[in-house]
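One structure is given below, encoded as structure tokens.
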Amino acid sequence: MTDVAYDWDDYGSDFRDSPVYAAQEATIKSFLRELPDDAFANVLEVGPGFGRITKIIVDAYGSLIENYRAVDVSPKALEAAQAYAGRTFSDVRVAAVQDADEMLNWPKSSLVIAIEVLLHVPPGDVFSAIVNLLDATAPDGWLITCDWTVDLGSTPIRRDNHRHDYPKLLHAAGAREITSSQLGLQTIYRSRP
């Protein structure tokens, strides 16, 4: 698999310095605070990027975490996430979210989190990606996703990003207890399998 061509230091600083992402992080933290402590025992993060959300979870819930697994299409992203969060993942896989074998071979996770991941999945693959996320979640576990839900137009930077009807897809995949919070151009979803 070809690694994604990012300068991880610049990419990370773009997010760290953005008020948009500060608001997103505040909402994600709020969603996480509403979960019971046992939700953090076995975490699977899909697409950790440079580790922005990894660090939030590890800093707040590190003592509760027994296993923290990660899947990303980029080996460099996985290395960057571990370095930035100061935590070594229990298991690491290089794969796309629609590749079921990579996630489903692990034990079910009490928390599966995928922030700005599904927008990179083409329309023909997004349903199977959501099914895989739900299948990777323990029956009493939680799935948290966040993606762009407002049309950003067809600018070159957005041509490979996709908007999906997440509520419809989550329902069709069998998710229950779906709650959401719109945050500007994005929506954060919390659901259960």
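Considering 140, 135, 160, the condition of being out of contact with any Cys (no Cβ under 6 Å at 6 or more places or on another chain), modelled with pLDDT under 95 and under 26 Å from residue 68 (Cα atoms) is satisfied by 135 alone. The residue that is modelled with the lowest pLDDT, among those in region 42-95 that are farther than 20 Å from residue 27 by Cβ and of a type in the set (Phe, Trp, Tyr), is 84. Exactly one residue out of 177, 79, 116 is surrounded by fewer than 18 Cβ atoms within 10 Å (Cβ to Cβ) and either within 14 Å of the chain's Cα centre (by Cα) or over 24 Å from residue 37 (Cβ atoms) (or both), and it is 79. Residues that are over 16 Å from residue 147 (Cα atoms), part of a helix (DSSP H, G or I) and of a type in the set (Lys, Arg) do occur in region 73-95.
Would you check if residue 125 is among the acidic types (Asp, Glu), in contact (Cβ under 8 Å) with a residue 24 or more places away in the chain and over 23 Å from residue 20 (Cβ atoms)? Here the answer is yes, as residue 125 does meet what is asked. Quick one: is residue 111 more than 12 Å from the chain's Cα centre (by Cα), surrounded by 15 or more Cβ atoms within 10 Å (Cβ to Cβ) and not in a loop (DSSP other than H, G, I, E, B)? No, not satisfied.
Restricting attention to region 82-93, does a residue exist that is among the β-branched types (Val, Ile, Thr), free of Cβ contacts under 8 Å to residues at least 24 places away in the same chain and closer than 24 Å to residue 126 by Cα? Yes, region 82-93 contains a residue that is among the β-branched types (Val, Ile, Thr), free of Cβ contacts under 8 Å to residues at least 24 places away in the same chain and closer than 24 Å to residue 126 by Cα.
The values are calculated or read from the model by the stated rules, or taken from the named source; none is laboratory data. From a predicted model like this one, the values you see are computed outputs, not experimental measurements. Counting neighbours? That spans all protein chains shown, and the Cβs are built from the backbone with ideal geometry, glycine included.
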